[in-house]
Amino acid sequence: MSSGGLLVSSRHEMITGTRVELNIDWPTRLEGRIPLQLIAIGKVSRCDPFRFAVVLERHHFRLTGNSANQDKRSA
């Protein structure tokens, strides 16, 4: 992963030029308790049999799970 793209391991065959949206579980939680997901949108720039590269067009983070329920579970 870099600021401009991603290299993705995959068993799926991809075609150069295909637009993709990738939903990636982020390894670090917001405020130590709220799970995040990176939403990355871009275009496949190259392909190999078991991986493909994506040039990012845009990205954003999305909260996953309900932080209120997580707070109750941790209490």
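Readers should treat all values here as calculations from the given coordinates under stated rules, not as data from a laboratory. Remember, it's a predicted structure, so these values are computed and weren't measured experimentally.
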In percent, what relative contact order does the chain have, based on Cα pairs under 8 Å that are 6 or more apart in sequence?
33
Could you state, as a whole-number percent, how many of the C-alpha pairs of the chain are farther apart than 15 Å?
59
